[in-house]
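The values are calculated or read from the model by the stated rules, or taken from the named source; none is laboratory data. Just so we're clear, the structure is a prediction, and the values are computed from it rather than from any experiment. FYI the Cβ positions are ideal-geometry reconstructions off the backbone, even for glycines, and counts take in every protein chain you see. Please note that ligands, DNA and RNA were not included when accessible areas were found on the heavy atoms of the full protein model with its side chains. Shrake-Rupley method; radii C 1.70, N 1.55, O 1.52, S 1.80 Å.
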Amino acid sequence: MALEHLRHMASHEDRRTLVVAGNGMVGHKLLEILVERGATAEWDIVTFCEEGRPAYDRVGLSSFFNGTSAEELSLVAPGFFDQLGLTVHLGDAVASIDRAAGEVVSTQGRRIPYDALVLATGSFPFVPPVPGKDTPGCFVYRTLDDLEAIRAYAAGGRVGAVVGGGLLGLEAANALRSLGLETHVVEFAGRLMPVQVDEGGGSVLRRRIEDLGVSVHTGMVTTEIVAGPTGGVAAMRFKEGDDLPVDLVVFSAGIRPRDQLARDAGLAVGERGGVVVDDACLTSDPRIFAIGECALYGGRIFGLVSPGYQMARVAADRLLGGGAAFTGADMSTKLKLMGIDVASFGDAFAAGDGCEAITYRDPVANVYKRLVLGPPDRRGDRKVAGGILVGDATVYQTLLQMCRGDMPTPTHPEELIFPVRAGGGAPAVGVGALPPTAMVCSCNNVDKGTICAAVGAGCDSVSAIKKITKAGTGCGGCVPLVTDIMRDEQKKAGVVVLNTLCEHFGYSRQELFDIVRVHRITSFSEVLAAHGSGEGCEICKPAVASMLASLANGHILDGEQAALQDTNDHFLANLQRDGTYSVVPRVPGGEITPDQLIALGQVAKEFGLYTKITGGQRIDLFGARVDQLPSIWRKLIDAGMESGHAYGKALRTVKSCVGQTWCRYGVQDSTTLAIDLELRYRGLRAPHKIKGAVSGCTRECAEAQGKDFGVIATEKGWNVYVGGNGGMRPKHAELLAADLDRDTVFRYIDRFLMFYVRTADRLERTSVWLDKLDGGIEYLRRVVIDDALGICAELEADMARHVDTYECEWKAVVDDPARMERFRTFVNSDEPDPNVVFVTERGQPRPAYLHEKQDPALLAIGAKP
Amino acid sequence: MTMLVSRTWVDVCPLDKLIPGRGVCALVGGLQVAVFRIAGEEIYAISNFDPFSRAFVLSRGIVGSRAERLKVASPIYKQSFDLDTGVCLDDATVSVRTFEVRVVDGMVQVASP
Ligand SMILES: Cc1cc2nc3c(=O)[nH]c(=O)nc-3n(C[C@H](O)[C@H](O)[C@H](O)COP(=O)(O)OP(=O)(O)OC[C@H]3O[C@@H](n4cnc5c(N)ncnc54)[C@H](O)[C@@H]3O)c2cc1C
Ligand code: HEM
Ligand code: SF4
Ligand code: SF4
């Protein structure tokens with residue numbers, strides 16, 4: 001009926017006018033689709049945009065606080081509104097609709113007759129009617145203007161509170177935290193995110209968020225916002241309990257559709273708001289559509305972009321004479337809230353008939369997963385019907401595809417939510433298993449087939465695919481899946497992916513690290529089989545070994561790991577030019593007892609080793625043959641020493657001066673701090689070696705500013721420097737933070753090191769890595785101090801695991817005959833290597849040069865006859 | 001390849017002592033031979049001598065592949081050697097000697113020239 005009506009109009013005039021009220025995310029999507037489909041040939045499209053700036057990415061709003069500019073958030077392509085047939089009135093809203101005359105009137109007095117009208121007015125934040133809600137310092141969280149106002153006001157405050165512990169409330173809380181405010185979340189319901197997650201998920205989420213330093217108050221009813229003497233917010237009052245002193249309040253207690261225009265014009269609206277629409281997205285007036293968050297379909301408001309975009313697609317099609325229909329939308333979502341993965345999909349609360357839930361909860365890792373299975377079919381099989389994931393949502397895409405029926409549910413679906421154990425064959429479901437019809441980007445309605453086609457047509461990067469298919473340009477949740485599909489297609493097509501670790505892996509070190517971490521991979525063969533090719537080489541094998549070591553912390557000589565290590569790591573010693581090894585025990589902070597010195601001297605004498613003081617304040621013993629290493633270490637360990645990891649890409653030393661304890665200038669105890677730092681990070685595997693130092697005063701005798709991390713004592717505490725090094729290209733470290741207390745020193749260095757371990761390239765030292773970080777030290781501060789990425793808790797947890805599982809690699813070897821076995825020069829003989837020859841110089845041995853060797857004939861062995 | 005009329009097979013070690021993807025060094029008639037196990041009974045033997053550093057270390061290198069060739073990288077300056085032919089893949093003018101190898105009753109053996 002509506003269609004006929006529109007066609008009828010068309011026969012009267014050549015060009016028709018479409019008025020769009022609202023240039024938000026959905027309103028703008030409508031314009032894009034119309035332009036793309038050539039609608040401007042017959043329609044003049046006039047858009048009213050109440051906000052002072054045209055459409056921007058509201059989903060990514062919070063990134064504004066992490067430095068993303070308003071321009072970068074814009075959704076409007078340059079020159080978009082200059083096209084013929086498009087007009088936008090910025091800062092002007094539709095004030096009323098005269099349906100009889102077919103005309104809108106704007107706030108600024110414009111009168112525009114229309115042939116069709118689309119309402120895309122979105123929603124407004126609901127503010128509960130508590131006394132004092134309009135006190136200066138009270139805000140909502142919806143527009144860029146809101147965020148600018150919050151930022152300006154927060155500069156003068158210390159404590160912030162968010163009313164509402166839903167999705168947006170938590171996002172707002174994170175924003176307050178990143179602005180440096182002590183942050184509280186006050187939720188009326190008994191748990192966080194009551195709409196999306198159940199009780200179990202809510203408590204895991206709560207614990208994770210509290211770990212980030214945000215205070216959570218659930219089951220609390222706010223009764224008043226109390227003003228202080230200056231008139232601004234001073235405290236919140238509750239029905240239960242004491243007042244909470246705050247400087248700033250953000251209301252995030254839900255959204256309400258903006259349906260006032262429709263109400264005034266006599267269109268049908270829902271009981272609790274929302275402009276009623278049908279399958280065609282038409283309101284009760286056949287010339288007026290409503291789309292996005294202001295529309296009520298089937299008694300529901302759809303508060304996400306993806307359903308809004310679907311409505312825009314339907315309305316556009318109808319305007320062009322098509323018959324597309326909106327039939328409701330999947331409200332499945334996956335989000336990262338404060339760095340915590342949260343996903344909910346399908347029938348998350350097992351409301352359907354015969355649905356049952358299986359839950360997995362890991363209170364240590366703080367992970368909660370709930371899988372809802374549908375009723376058994378005739379054969380007794382059950383389909384994935386929904387679920388909730390908190391803390392680890394890596395299986396979201398797979399489960400979602402199963403829930404939608406795009407992928408078959410395996411026989412034991414519960415295995416999908418239990419953690420993958422080493423060697424245990426959890427069902428590996430690669431992207432190759434997805435059918436071409438599988439929906440990948442639900443925001444823009446892009447299926448796998450479309451992405452494959454784009455790759456086939458030559459798209460060789462995610463950004464190219466984004467440009468061509470629009471996949472990943474909505475909420476961004478599907479970008480990892482898009483990346484996997486692209487890689488998979490490229491691999492199938494035999495494309496060599498450049499800028500990669502080596503010929504065996506099409507990924508950079510950071511990408512590979514993420515793969516290993518996210519998929520909890522525990523062996524090289526696993527990662528090679530699933531993500532690589534060939535046999536590996538001297539580049540990727542040690543690189544993967546290092547990742548496995550930084551993540552899992554198992555002994556580096558065990559199982560398959562043994563084959564991956566560089567010879568230094570393989571024999572836990574440093575190879576020298578003549579094939580012998582050097583031995584460097586750890587001397588934390590450079591502090592060594594006389595007994596240890598004597599023990600070192602005795603070992604060196606007994607095995608005829610050359611001794612030298614290193615630049616790292618310890619003692620290097622040179623000239624050990626492979627078969628001597630275990631006996632040497634047995635003695636060193638008995639004397640209370642341990643591996644110094646001089647052979648690994650790992651923490652080397654934390655140098656120190658004697659500081660306050662002895663030095664007349666010292667202001668803090670630098671030696672103790674250096675020892676504690678070295679003991680904390682010993683054995684930490686990294687993309688390159690890491691060195692540290694601590695000086696007891698500003699005279700800087702320990703040269704801390706030439707280290708990957710350096711600490712210098714001040715009158716008030718400690719200054720932390722990062723990203724320095726000596727070596728071939730010396731670089732001064734940069735100041736990360738000043739006058740810290742001891743705990744904060746550890747916290748920042750924990751985060752800094754783990755962030756580096758996660759993201760640096762192979763063999764990239766902290767200085768080069770820091771140079772390459774976009775935004776340099778400023779950016780690093782935002783990540784490790786302000787937690788702008790919301791990953792600090794994860795980084796600290798990774799470090800805590802490292803510290804907990806550390807063991808001296810040499811002690812583990814000499815205690816275990818099986819591990820000792822490899823330390824032989826010849827497998828089939830106990831003879832020493834006849835080619836290792838020493839001469840004496842200055843009373844110590846050194847390797848003989850060629851001309852000094854007794855039997856040059858031996859050297860001919862390698863030459864072919 | 002020349003077939004020697006008489007040759008002796010020298011025991012290296014039981015197959016299960018070899019870690020796949022790693023090498024060991026054996027003394028074979030006074031020569032240092034690097035023996036590598038790839039997987040199963042796929043075994044290669046080349047000289048342990050690294051012509052670039054002039055040290056006997058190839059058995060301690062990392063095994064891998066380049067294009068379709070299996071190779072080992074010297075642990076000292078990282079040049080790669082073809083496990084099958086002994087030719088250096090980074091400088092074809094340099095090569096190391098190769099040895100015949102077999103597995104008999106679970107024992108790895110190298111032919112002594
Ligand atoms: C902080 C935040 C995070 C979010 N995160 C997610 C997420 O992760 N995933 C997700 O799917 N969704 C998310 N959303 C929701 C998503 O932003 C909305 O679903 C989407 O913006 C709705 O689009 P819309 O066009 O209907 O409304 P809006 O984007 O609100 O646009 C409506 C526009 O119309 C204007 N307007 C209103 N009345 C008039 C009038 N009479 N005349 C002219 N103009 C008018 C308004 O000023 C506004 O600019 C988030 C929202 C916020 C605020
Ligand atoms: C095979 C090569 C190398 C070996 C075996 C080696 C070994 C060592 C060892 C054992 C130390 C002592 C550290 C300690 O006490 O633990 C050391 C220190 C040092 N190495 Fe190396 N190193 C090598 C290559 C390099 C290279 C290439 C550079 C320069 C880019 C370098 C720069 C340094 C510096 C600057 C120190 C002093 C560190 C300090 O003062 O804290 N090394 N090296
Ligand atoms: S840095 Fe300061 S405290 Fe340390 S030795 Fe030098 S002068 Fe003394
Ligand atoms: S400076 Fe050069 S020669 Fe000296 S130890 Fe370092 S790498 Fe070797």
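Structure notes:
- Note, ³J(HN,Hα) from phi for the stretch A:402-414, Karplus 6.51, -1.76, 1.60, rounded to Hz, x at Gly and Pro: 5, 5, 7, x, 7, 9, x, 7, x, 5, 10, x, 4
- The antiparallel fraction among DSSP beta bridges confined to the protein assembly as shown stands at about 70%.
- Anisotropy class of the stretch B:16-111 from Cα gyration tensor, a/c 1.5 cut: prolate
- Each Lys and Arg adds +1 at its Cβ and each Asp and Glu adds -1 at its Cβ; summed about the Cα centre, the stretch A:650-807 shows a dipole of about 600 debye.
- Computed FRET value (nearest 0.05) for A:Ser63 with A:Asp816, which takes r as the C-beta separation and R₀ as 41 Å: 0.20
- Ranking A:Gly724, A:Leu735, A:Phe746 by how far each Cα lies toward the positive end of the dipole of the stretch A:709-774 (charges on Cβ) leaves A:Gly724 at the top.
- Full extension of the chain between A:Phe349 and A:Ala149 yields a length gain of 68.2 nm, computed as 0.36 nm times the residue separation minus the alpha carbon distance.
- Other residues lying with their Cβ under 9 Å from the Cβ of A:Arg177 contribute a combined charge of -3, Lys and Arg counting +1, Asp and Glu -1.
- In a reduced charge model with +1 at each Lys and Arg Cβ and -1 at each Asp and Glu Cβ, the protein assembly as shown shows a dipole moment near 1480 debye about its Cα centre.
- C-alpha long axis of helix A:629-638 to longest principal axis of chain A, angle in °: 90
- Filtered GluC sites (Glu not before Pro), the stretch A:639-720: DSSP coil and at most 11 other beta carbons within 10 Å: A:Glu715
- Accessible surface, the stretch A:179-287, averaged per residue in Å² (probe 1.4 Å): 43
- Separation of alpha-carbon centers, the stretch A:288-365 and the stretch A:684-745, rounded to whole Å: 50
- Unsatisfied cross-links (Cα-Cα over 27 Å) in the set A:Lys612/A:Lys811; A:Lys334/A:Lys383; A:Lys29/A:Lys336; A:Lys239/A:Lys369: A:Lys239/A:Lys369
- Cross-link partners of A:Lys492 among lysines (Cα-Cα below 18 Å; sequence separation of 8 or more within a chain): A:Lys448
- In this view, the solvent-accessible surface of A:Glu224, computed with a 1.4 Å probe and all protein chains in place, comes to about 60 Å².
- At least 50 Å² accessible surface lost relative to isolated chain, residues of the stretch A:826-855 (1.4 Å probe): A:Phe826, A:Val827, A:Asn828
- For the stretch A:650-807, DSSP calls about 60 percent of its internal beta bridges antiparallel.
- Rough spin-label spacing in nm, given labels placed 7 Å along Cα→Cβ, for A:Glu715 and B:Thr85: 7.3
- Residues of the stretch B:38-58 that bury at least 50 Å² of accessible area when the other protein chains are present, relative to the chain alone (probe 1.4 Å, heavy atoms, ligands and nucleic acids excluded): B:Arg54, B:Phe56.
- For the stretch A:9-80, the gyration tensor built on C-alpha atoms gives a prolate shape. Its axis ratio a/c (a ≥ b ≥ c) is at least 1.5, and a/b is the larger of a/b and b/c.
- Accessible area buried at the A-B interface, both sides summed, 1.4 Å probe (Å², nearest 100): 3200
- Candidates B:Ile62, A:Thr183, A:Ile358 compared by Cα position along the dipole of the protein assembly as shown: farthest toward the positive end lies B:Ile62, with charges placed on Cβ.
- Subtracting the Cα-Cα distance of A:Asp243 and A:Glu36 from their residue separation scaled by 0.36 nm leaves 69.0 nm.
- Cα-based reach from B:Lys78 at 24 Å (exclusive), listing lysines while leaving out same-chain residues under 8 positions away: A:Lys541, A:Lys649, A:Lys689, A:Lys864
- Rounded if a/c under 1.5, otherwise prolate or oblate - the protein assembly as shown, Cα gyration tensor axes: prolate
- Reachable aspartates and glutamates, given that their alpha-carbon falls under 15 Å from the alpha-carbon of B:Lys17 and they are not under 8 places away in the same chain: A:Asp558, A:Glu560, A:Glu821, B:Glu41, B:Glu42, B:Asp105
- The relative contact order of chain A, computed from alpha carbon pairs under 8 Å that lie at least 6 residues apart in sequence, is 7 percent.
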